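Trainee: Quick one: structure below, then a few questions.
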Amino acid sequence: MSDRDSEKLLTTAQAAARLGISRRTLARYARDGSITPTLVLPSGHMRWSLEDIRRQLRELRQSGTAEEE
């Protein structure tokens, strides 16, 4: 991953705010395996590409496995 790519990565709280959901909801989706973070740091903190999250959530909705919002 290049330095330019890492600049686009968001914390869980930042990504959740952009999506209009709570950070706990986003973390739960990751913990349950519904979506995968773009990067997991050695500390266990997750980093997210907003584009990637939106793609994964869209795929979940299309497959009918996403929770109703």
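Trainee: Output the relative contact order of the range 16-57, whole-number percent, from Cα pairs under 8 angstrom with separation of 6+ residues.
Mentor: 24 percent
Trainee: Another question, then. Students often check this: by mean Cβ neighbours within 10 Å, which of 9-16, 37-44, 25-32 ranks highest, and how do the rest follow?
Mentor: Most protected by this proxy first, the peptides run 9-16, 25-32, 37-44.
Where a number appears in this text, it was derived from the coordinates with a stated rule and is not lab data. Quick caveat, the model's predicted, so the values are computed rather than measured. We place every Cβ from the backbone using ideal geometry, glycine too, and count neighbours over all the protein chains shown.
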